[in-house]
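The structure appears below as structure tokens.
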């Protein structure tokens, strides 16, 4: 179990490794471009080489990229779906070049037409992405909290997408805050066990490749996507202890996407809190 955070690539992608080290990260998640823009420019070769070199020197990893927020594979406008497909191809191409394990993305919203209506479109788009992208990195769809008629709030929805696409490269990233907001009790071992039993039946634990470790500013079942610092939200440290102790999570990277105790994003204090919980849970940090 490796603990890390989403870190900035400002000034060059290679700078992210050093920023991760400063926070005490064992693994990192990054953007490959501005998250609110379709614009994409592949990292210069010298930055890619520097990134790979710093990963080797620090032993940090696995690395995941987080796709931009504009992607909505359920969009009624074909042009926007095509943009989303190309953006994911760009990110998987970058992931392959820097040695990242995969790309996490939000599937989007059905905008009121319903999951069944957009499922074929989402499946076709994901097949297209995986056909166009280079081999290697996985594409990990993230479960959602429930706001804005999101696709993938229910585990069954994600499971159906995986089965329909039928590719070993399509996986799942579980966000603790989204899971809690969607109605699952993550505050104790009994609730975590029940959640993971449902996850395994609908998706399969072997398809889980990463965790977004976020406490929740809103109560269980709120459907609201609002992250909090570890221990300051409704999940609490006891909840994260139960999560980390569950066998399904013991070999996965945990990425913090929290506001930070000074409001500047993931920080060393949050990383240290998760490391302390991991130690108390008797879980080994393992290797990259």
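General remarks:
- Shown for region 215-256 is the translational diffusion coefficient from the Stokes-Einstein equation, using the Kirkwood radius over Cα pairs, a temperature of 37 °C and a viscosity of 0.692 mPa s: 296 µm²/s.
- Residue-averaged 222 nm ellipticity for the chain, from DSSP H runs of 4+ at -39500 (n - 2.57), nearest 500: -12500 deg cm²/dmol
- Among 79, 49, 181, the largest mean-square fluctuation in a Gaussian network model of the chain (Cα springs under 10 Å) belongs to 79.
- Alpha-carbon radius of gyration plus Dmax, which is the widest Cα pair, for the chain in Å: 17.7, 50
- The distance between label points at residue 10 and residue 135 comes to 4.0 nm (points 7 Å beyond Cα on the Cα→Cβ vector).
- Residues considered: 265, 159, 112. Largest GNM mean-square fluctuation over the chain, using C-alpha springs under 10 Å, is found at 112.
- Computed on the Cα atoms alone, the convex hull of region 160-273 gives a volume of 104 cubic angstrom per residue.
- Percentage relative contact order, the chain, counting C-alpha pairs under 8 Å, at least six apart: 19
- Averaging the Cα positions of each part gives two centres, and for region 202-221 and region 240-288 these lie 13 Å apart.
- Ranking of 69, 115 by neighbouring Cβ atoms within 10 Å, starting from the fewest: 69, 115.
- Gyration tensor analysis over the Cα atoms of region 70-194 returns equivalent ellipsoid semi-axes of 24, 19, 12 Å (largest first, whole Å).
- Region 238-288, relative contact order in percent, only Cα pairs under 8 angstrom and at least six apart counted: 44
- Residues 109, 167, 216, sorted so that the one with the fewest Cβ neighbours within 10 Å comes first: 167, 109, 216
- Exposure proxy ranking, count of Cβ atoms within 10 Å, fewest first, for 103, 192: 192, 103
- Pairwise centroid distance, computed over Cα atoms, of region 65-86 with region 117-190, Å: 14
- Here the chain carries DSSP beta bridges of which approximately 10% are antiparallel, counting only pairs with both residues inside.
No lab work stands behind these numbers, since they all come straight from the coordinates. None of these values were measured; they are calculated from a predicted model. All Cβ positions, glycine included, derive from the backbone under ideal geometry; neighbour counts span all protein chains shown.
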